[in-house]
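The block underneath contains the structure these notes are about, expressed in structure tokens.
The values are calculated or read from the model by the stated rules, or taken from the named source; none is laboratory data. Note that this is a predicted model, so its numbers are computed, not measured. Using ideal geometry, Cβ is built from the backbone for each residue, glycine included, and neighbour counts are taken over all protein chains shown.
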Amino acid sequence: MKQPTINAKARTEGGSAASGRLRRQGLVPAIAYGKSKEPTQLCVDSSELRVALKEIGNSAPIVKVKEGSSAARTSIIQEVQRHPITDKYLHVDFREVADDEVVVLDVPVHSHGEAWGVRNESGTLECVAHTVSIRSLPKNIPDFIECDVTDLKVGDLIHIKELPELDGVEYMDHAEQPVFTVIK
């Protein structure tokens, strides 16, 4: 699993004026919180955040947040706010998780192979659910869930219950929810 490290600094000032000053310096205001942790106001370098998000890509948003000289902590990027016009980062929320804490999050689903219905029946593979909700320990969280679609014919579906079983991972969505189908 990819877990890039993001260096963060504590910040003392809050509010929109202080956040604006940080953004002008190339920093992004952030907050880190968790079950056994009081919320902490942080700031991260904008270019470092961009590189980390690019490295994560279409995978589970798990990162290590290193604040000063303390040890890096496993965190989930809960939310990234961006400016609607300039697309610059405005704010980031990090949810810290302990190594023994069970977490629920959405993980991307990727198809593998070319569906029989696409190859032989002029169908189109449709991804009905781009993500699925899972429950797992942080060490067992997959980057993504890969599903083989080579046997799908036009009108066939792959449901949540047909996704591959992964050690330590429980699917939280309804078992009959479709994930992939081939349509004409």
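Exactly one residue out of Leu125, Leu105, Leu152 is in a loop (DSSP other than H, G, I, E, B) and either touching a Gly at 6+ places or on another chain (Cβ under 9 Å) or buried (at least 19 other Cβ atoms within 10 Å of the Cβ) (or both), and it is Leu152.
Looking at the structure I just gave you, is Ile158 surrounded by 15 or more Cβ atoms within 10 Å (Cβ to Cβ), of a type in the set (A, V, I, L, M) and either under 21 Å from Ala60 (Cβ atoms) or in contact (Cβ under 8 Å) with a residue 24 or more places away in the chain (or both)? So Ile158 fits the description; yes. Taking (1) in a helix (DSSP H, G or I); (2) without any contact (Cβ under 8 Å) to a residue 60 or more places away in the chain in turn, Glu114 satisfies each apart from (1). Scanning the range 155-181 for residues that are assigned to a loop (DSSP other than H, G, I, E, B), more than 11 Å from Ala129 (Cβ to Cβ) and of a type outside the set (A, V, I, L, M) gives Gly155, Asp156, Pro164, Glu165, Asp167, Gly168, Glu176.
When Asp99, Asp93 are checked against the criterion of being surrounded by fewer than 17 Cβ atoms within 10 Å (Cβ to Cβ) and at pLDDT below 90, Asp99 stands alone in meeting it. Counting the residues of the range 15-68 that are in contact with a helix residue (DSSP H, G or I) (Cβ under 7 Å, 6 or more places away or on another chain) and on the phi > 0 side of the Ramachandran plot gives 1. Against the criterion of being without any contact (Cβ under 8 Å) to a residue 60 or more places away in the chain, among the aliphatic types (A, V, I, L, M) and out of contact with any Asp or Glu (no Cβ under 7 Å at 6 or more places or on another chain), Val102 qualifies.
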